[in-house]
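The values are calculated or read from the model by the stated rules, or taken from the named source; none is laboratory data. Worth saying up front: this structure is predicted, and the values here are computed from it rather than measured. Glycine also receives a Cβ, built like all others from the backbone with ideal geometry; neighbour counts cover every protein chain displayed.
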Amino acid sequence: MELPFRSKGDELLPDGALLALRDRLKHLARGHDLTTVAAYAFDHRTRMLPFVFLDRRLIPGGVRMLASALLDIGFEKTRVVFQQWNRKFQPSAMRLDGRIPDMFLVSSMAIHGEAADKLLRDVCRIDPAQRPLVIAGGPRTNYQPWLPFGTDPQDPWGADVAATGETFVFLSLLEVLLEEKRASETLRTTFLRARDAGMLDHIPGLVYAKGRREGVAEELVDTGVQRLLGNLDELPHPVLGYRVLEAPSRKPTLAAQALERGRVRKLAPMSVMEMTYGCKFRCPYCPIPAYNQHKDRQKSAGRIADEMGRIHDEYGIRYFFGADDNFFNRKDRAVEIIETLRDAVSPAGKPIRRFARWGTEVTVHDTLQMVDHLADARRAGVRALWLGVEDMTATLVKKGQSIDGTRAAFAAMREVGIKPMPMMMHDDTQPLLTIRSARGLLNQVQMLRSAGAMSLQVLLLSPAHGTKLYYETHESGLAYESVNGQPVTPHMVDGNHVVASRAKHPWLRQLNVLIAYTWFYNPVRLMWALVASKSRRGWFVDAAFQAWGMAGLLRNYARSPRWMWHLFRGGRHPVRSSEVPRSPVPLRAPDGSFAAHDLPPGPDPKRIRRLDTVPYDEVQAAVAATRHAGFLPTP
């Protein structure tokens, strides 16, 4: 389900809160010598179109920001490990500065959950007396914070605490621990003592376990939904995180030194930029609006220019991807950033427009509102825009797009030399091909290509965590638990696998995506791109995208048929979900009331989730009364 909302006026941190916290930690850090390893979990089975290749060339922004925060306050003994590069990394074998680290951080998306659990299981092989403080975070824990905790007495493992928020939550936890840490104890021992004394309960955004046995959670305590940072300028500078990257390796251990500065650009030529957060649209399949508490958050144009400039000056990186929810969401803000980047220079005195090449995500509707500023965007370095087209006929979702509007937006972008990169969704009701309408998937793929699309993303509509559709998809039995005896695992909820459908022949939905990609990326289009491309730069760029797409499509051909076969054999009678996944152990607020991240059964879970001050017993009584009235089936 969507995250619940904080009280009105209490959604954002006060201005300057993160800056003040960073200053306090800089003073506290002088009396401590902490080592930290932060790992980004990655399941290599997700390496398919449209993610393949870029997933190894782009440093995730979240774990890099944690490293930047630690370096900013003075903890230089920090290392960042990416499983894209270090597939065989084992936390139980890691040593930093010749010793077991004091902290081990695991960041993960939901689709990489199995890889994250393997890291957590392995770090628990370290003797508890020497074990680092284990903190789980990332999008996975934002919505299902119980997943990093073990509950089986026969298989004890798990994180010590889950962070369901951003940098401020992590640093707030660290501040409490550094203030309480005794010289003779490990940081994990300090955490356990602070946890049991209730010292962490005032920090919104944490979930920790309670139990009588190590590695077995008998109860989880949820301190609530985080307060968001409104002014993103208060974040530590992201350039710091590049200093502590672990070099690619096939070894389970860490190298003696971090990745050399000269190799950073070669291995990671593209940098993620956090510029703006928030979107005006309320798509039921998207968790973004609720996560941001329906607020717009941003960095100043000057700070964005400084980040691009410093990253290029220090590492030579010239390609940037904006991690925006909808960059054109507010026209005035987007224009200010574009105009600043057009005229700004780096700290070394280089005009940013001369070296920066960047792209980000937008919508068709907002792109049409920005037509008069697209030329300036090109001068500021914008070379590609990823547009959430979803469905050109607006049958699936309406957010201002249409066939004529999409064509007009693409034409305006091509006119100034910006590449349109459409993103689409394929749902149960969409046929592969239609004769007298534009509803068909191939019809729309062909129209997008004819309009000048350089790349294509087609994903199956799947139940995404933190969305309005997530609850009803599971409660209605639309979601699969297994098909033909094969369970649906986290890596399959990536939009490339049919994991929820009412179709009689779901394997055809899987096949449709392969056909759509093949229709867009194929040798015929490659040859045509060489002689009649619609790209302003001609054959080279268009042909390069076609070659990239065909190479990536080989992975889809290698991995999709197996699941397609299971859908063919058992798609008519899959084992369907009967209820939304929830914590296997009690999840409570510190005062015993209903937890913010818990999800009771009920006809209107969003309404019940707002009752965050109601004791749990009263909530259960209300649910029982609703069931007695006939609105819910009796289990």
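Things to note:
- Residue match in segment 190-197 (condition: among the β-branched types (Val, Ile, Thr), within 30 Å of residue 333 (Cα to Cα) and either surrounded by fewer than 21 Cβ atoms within 10 Å (Cβ to Cβ) or out of contact with any helix residue (DSSP H, G or I) (no Cβ under 8 Å at 6 or more places or on another chain) (or both)): no
- From 441, 469, residue being farther than 20 Å from residue 548 by Cβ and touching a strand residue (DSSP E or B) at 6+ places or on another chain (Cβ under 8 Å): 441
- Extreme residue, farthest from residue 226 (Cα to Cα), among residues of segment 298-321 that are within 18 Å of the chain's Cα centre (by Cα) and modelled with pLDDT of 95 or more: 320
- Scanning segment 35-69 for residues that are farther than 30 Å from residue 186 by Cα and part of a loop (DSSP other than H, G, I, E, B) turns up 43, 47, 48, 49, 50, 51, 52, 53.
- Qualifying residue in segment 217-232 (condition: touching a Gly at 6+ places or on another chain (Cβ under 9 Å), farther than 25 Å from residue 161 by Cα and either surrounded by 17 or more Cβ atoms within 10 Å (Cβ to Cβ) or without any contact (Cβ under 8 Å) to a residue 60 or more places away in the chain (or both)): yes
- Of all residue pairs spaced 6 or more apart or on separate chains, those with beta-carbon atoms under 8 Å, a first member in segment 118-133 that is touching a residue at least 60 places away in the same chain (Cβ under 8 Å) and a second member that is acidic (Asp, Glu) and crowded, with 17+ Cβ neighbours inside 10 Å are 132/102.
- Considering only residues in segment 13-34 that are assigned to a helix (DSSP H, G or I) and small (Gly, Ala, Ser), the one that is farthest from residue 228 (Cα to Cα) turns out to be 29.
- Residue list for segment 147-190, restricted to those being farther than 18 Å from residue 41 by Cα, of a type in the set (A, V, I, L, M, F, W, C) and either at pLDDT below 95 or touching a Cys at 6+ places or on another chain (Cβ under 9 Å) (or both): 183
- Entry remark, segment 400-437: residues being assigned to a loop (DSSP other than H, G, I, E, B), of a type outside the set (Asp, Glu) and surrounded by fewer than 19 Cβ atoms within 10 Å (Cβ to Cβ) number 11 in total.
- Of the helices (runs of 4 or more DSSP H) entirely within segment 493-576, those holding at least 3 residues that are at pLDDT 95 or above and either in contact with a Gly (Cβ under 9 Å, 6 or more places away or on another chain) or surrounded by 18 or more Cβ atoms within 10 Å (Cβ to Cβ) (or both) occupy 506-520, 539-570.
- Within segment 284-298, the set of residues being surrounded by fewer than 20 Cβ atoms within 10 Å (Cβ to Cβ) and either among the aromatic types (Phe, Trp, Tyr) or in a loop (DSSP other than H, G, I, E, B) (or both) comprises 284, 285, 292, 294, 295, 296.
- Of everything listed in (1) farther than 22 Å from residue 165 by Cα; (2) modelled with pLDDT of 95 or more; (3) surrounded by fewer than 20 Cβ atoms within 10 Å (Cβ to Cβ), the single unmet condition for residue 214 is (2).
This table checks each residue for (1) within 27 Å of residue 143 (Cα to Cα); (2) small (Gly, Ala, Ser).
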residue: 71; (1), (2): no, no
residue: 74; (1), (2): no, yes
residue: 78; (1), (2): no, no
residue: 88; (1), (2): no, no
residue: 95; (1), (2): no, no
residue: 102; (1), (2): yes, no
residue: 106; (1), (2): yes, no
residue: 110; (1), (2): yes, yes
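- Breaking point among (1) assigned to a loop (DSSP other than H, G, I, E, B); (2) touching a helix residue (DSSP H, G or I) at 6+ places or on another chain (Cβ under 8 Å); (3) in the same structural domain as residue 169 (by TED's automatic domain parsing), for residue 92: (1)
- In a residue-by-residue description of segment 452-471, the property of being of a type in the set (Val, Ile, Thr) and in a strand (DSSP E or B) applies to at least one position.
- Given (1) part of a strand (DSSP E or B); (2) surrounded by fewer than 20 Cβ atoms within 10 Å (Cβ to Cβ), number of the condition residue 354 does not satisfy: (1)
- Tabulated pairs, segment 573-596, first under 17 Å from residue 224 (Cα atoms), second of a type in the set (Phe, Trp, Tyr) and at pLDDT 95 or above, C-beta under 6 angstrom, 6+ apart or interchain: 583/146
- You will find that of 456, 432, the residue that is at pLDDT 95 or above and under 25 Å from the mean Cα position of the chain (by Cα) is 456 and no other.
- When residue 10 is tested against the conditions (1) of a type in the set (Asp, Glu); (2) assigned to a helix (DSSP H, G or I); (3) more than 16 Å from the chain's Cα centre (by Cα), the lone failure is (2).
- Residues (in contact with a Phe, Trp or Tyr (Cβ under 6 Å, 6 or more places away or on another chain) and either among the small types (Gly, Ala, Ser) or without any contact (Cβ under 8 Å) to a residue 12 or more places away in the chain (or both)) located in segment 378-415: 381
- Scanning segment 108-141 for residues that are in a strand (DSSP E or B) and more than 17 Å from residue 254 (Cβ to Cβ) turns up 133, 135, 136, 137.
- Verdict on residue 461 being in contact with a strand residue (DSSP E or B) (Cβ under 8 Å, 6 or more places away or on another chain) and closer than 24 Å to residue 529 by Cα: no
- Counting the residues of segment 150-176 that are assigned to a helix (DSSP H, G or I) and within 28 Å of residue 115 (Cα to Cα) gives 8.
- Evaluated against (1) surrounded by fewer than 22 Cβ atoms within 10 Å (Cβ to Cβ); (2) touching a strand residue (DSSP E or B) at 6+ places or on another chain (Cβ under 7 Å); (3) aliphatic (A, V, I, L, M), residue 301 falls short on exactly one condition, (2).
- Of everything in segment 27-66 that is out of contact with any Leu (no Cβ under 8 Å at 6 or more places or on another chain) and aliphatic (A, V, I, L, M), the residue that is modelled with the highest pLDDT is 48.
- Listed by first and then second residue, the pairs with beta-carbon distance under 7 Å, at least 6 apart or on different chains, first residue in segment 443-464 and of a type in the set (Lys, Arg), second part of a helix (DSSP H, G or I), are 449/520.
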